[in-house]
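What follows is one structure encoded as structure tokens, with my remarks underneath.
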């Protein structure tokens, strides 16, 4: 701080060469006698030591010299007055710098010290430089502490001691030295005052701890320099970093008051390292549960291994990272690692690959691919000594030894090192991945992890990846997912926004743009509501893919209130070691209610709800599709429902509790319904009426029940004779078992309204 510069204060007296009429013989106030024309004072234009200077002979007991200009004083201002002087002849006087303190009324403030230290001139011709500091505070080094009452001063010097001596005085200097006490005035405690060196090699931890202890609520100042901290360091109060710290990776910096990203970035002079150290501290003290990015952008150059930073593998207290952007630096350490290994799979141990070698380089979190492997199967753990790998999901391909590929993507936040992590949250954070890195890998186990109001901007491969059961109770709310490969045709995209292995995920009110898949979801008890995910492209008669892919048969899942745009709900059992049905549940427990399904420019065989059994014997045993809107744009589709028979079809003879009703269809040739209400007109009297469902039973199902039969108008014989007897029904008629027959005692004609079900409700 320099008031002369920042506020334009006039501090520097003019040289004596400018005249002695501005120099007072007494107080410096206007009207007092000046030294101009005084018989015992004169300007000397050339002195070997000073150049131009003032020469005076001491003739009074206290001979005063004061600049008559009012030098302003204010709280926080510290001035240093400096002069050079030498004795020429006669008695040797004593010299002191002095001032006259004036208040706002122009009166002298006599209660403050107005003279500095005294110096006696001991020899002739020897130049002595004198200085004194005047300022508002009683600070160490301040010679004249004036407080806040004086608002100006007249400065100069006094000659005391014996008379008769001659002295020469050089020009005065008055300088603003307030910066000397800047730390004290701002309530700062400088770590240098406690022994910190700041040379980058000396361990300054003890000095930092002493400064923090002495601060007592004041701010600890870390000045310019590089300060090595040789262990864990906690600073309880506020801290300001002008310099930086050097710490080993295992050592923790805990800033209990300034626990935020900007302070940590300043502490280490690096966004990347500051972010890592802040995340590390998040697991080691309880005063804060949130690492606040303070709206800042964090640039990281490599994956953040959170478990390695925390040095714990089990953590259950709520913690969160919030309010900022994590920006991936292109060209950083984001390489994908790929390995190929031979392994043996036995469905009796459905989560184990065995007989493997050279596992040292196989990383936990690697994605497994190969023949018989479903989507989103990951390495949950490995045992190099035993040659085994534990998987996140079983494989459907059956027993045998074959080659597998293991792909380990780089993730910005990588929690794979945690055996158990619960209640960790990421809120209001944008992951700006630049197609260089994936975003977040979840822990091996844990639960109730939450992503709220986040943006996943172009992750390279995945946004949120579960490699085990750490996704139990996963909450994804109000997030936006922007795919890295949205420019590609739908069928060529490999990106997946999220996957789930465990139960009870809540996927709510999100928006996803043009991913390969929005979500791959094993487990049950999921709630998928209020999302808008559109996965289309600009291809004519384009291929579409599953937006939500459910990979467990009995899912206990509700899909409601979503905008499902150019993709379909795909329901499989690909994560089953024994994909053929023998006992237990089959496909059931799914409720699809109140959604808007749309598509445009698709092939006619596109459907919005697709069931894909990976083995024979499966059937529907609990499906409710109700109150949805299905609409096509630029074309028509055959139907909204279908079975992908790549591996097997459904056993329609066992369908139970299937409701497909009260939906609206636009541009659909065969709208599915069950119970299906059909108005059948028999215009020619016959003993047997064949009622054709015309492909309107869901999923190509059979006509397994008639729950209502009403004659609309009279049933008559060929001559108009009224028929009063009722027919009986035979089910599952025709080559596709999708017709029923009404058998009358006599030939009959008329109109029947029949309600047919694809299941057997009894």
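Pull out a ≥ b ≥ c, the square roots of the eigenvalues of the alpha-carbon gyration tensor of region 256-336, then state rounded if a/c is under 1.5, prolate if not and a/b is larger than b/c, and oblate in the remaining case.
oblate
Neighbouring Cβ atoms within 10 Å as the yardstick, rank 556, 86 fewest first.
Listing 556, 86 from fewest to most nearby Cβ atoms yields 556, 86.
Take every DSSP beta bridge with both residues inside the chain and express the antiparallel ones as a percent of the total, to the nearest 5.
45 percent
State the extension gain, in nm to one decimal, for the chain segment bounded by residue 44 and residue 108, taking 0.36 nm per residue of separation less the distance between their alpha-carbons.
Result for the pair: 19.8 nm of gain on full extension.
If contacts are Cα pairs under 8 angstrom and at least 6 residues apart, what is the relative contact order of region 681-737 in percent?
Computed value for region 681-737: 37 percent relative contact order.
Given a Förster distance of 35 Å, report the FRET efficiency between residue 381 and residue 578 from their Cβ-Cβ distance, rounded to the nearest 0.05.
Numbers: r = 23 Å, r/R0 = 0.66.
After rounding to 0.05, the efficiency reads 0.90.
Would you indicate which of [x] 181; [y] 164; [z] 242 is the value of volume of the Cα convex hull per residue in Å³ derived from the coordinates of this structure?
Read-out taken from this structure: [z].
Any chance you could give the angle, 0 to 90 degrees and rounded to 10, that helix 271-282 forms with the longest Cα principal axis of the chain?
It works out to around 80 degrees.
Taking a ≥ b ≥ c as the square roots of the Cα gyration tensor eigenvalues, with a/c under 1.5 meaning rounded and otherwise prolate when a/b beats b/c, else oblate, which class fits region 83-211?
Verdict is oblate for region 83-211.
Which FRET efficiency, nearest 0.05, do residue 677 and residue 494 yield, Cβ-Cβ r, R0 41 Å?
The formula returns an efficiency of 0.40 here.
Arrange the peptides 309-316, 399-406, 266-273, 752-759 so that the one whose residues have, on average, the most other Cβ atoms within 10 Å appears first.
My ranking of the peptides, most packed first, is 752-759, 266-273, 309-316, 399-406.
How large is the helix-only mean residue ellipticity at 222 nm for the chain, computed as the sum of -39500 (n - 2.57) over DSSP H runs with n ≥ 4, divided by its residue count, in deg cm²/dmol to the nearest 500?
Only helices count here, giving -1500 deg cm²/dmol.
What is the Cα centroid distance between region 37-55 and region 445-512, reported in whole angstrom?
Computed from Cα coordinates, the inter-centre distance equals 85 Å.
Treating the angle as unsigned and between 0 and 90°, give the value, to the nearest 10°, between the Cα long axis of helix 205-215 and the longest Cα principal axis of the chain.
Rounded to the nearest ten degrees, it is 80.
To the nearest Å, what is the center-to-center distance of region 635-690 and region 317-349, using C-alpha atoms only?
Value for the Cα centre distance between the two parts: 44 Å.
Once you keep just the Cα pairs under 8 angstrom separated by 6 or more residues, what percentage relative contact order results for the chain?
In percent, rounded to a whole number, it is 6.
With the cut-off at 1.5 for a/c, could you classify region 483-666 from its C-alpha gyration tensor as rounded, prolate or oblate?
Since a/c stays below 1.5, the shape of region 483-666 is classed as rounded.
Laboratory data are not the source of any read-out in this text; all were calculated from the coordinates shown. If you're wondering where the values come from, they're calculated on a predicted model, not measured in any experiment. Quick reminder, even Gly has a Cβ in these numbers, built from the backbone with ideal geometry, and neighbours come from all protein chains shown.
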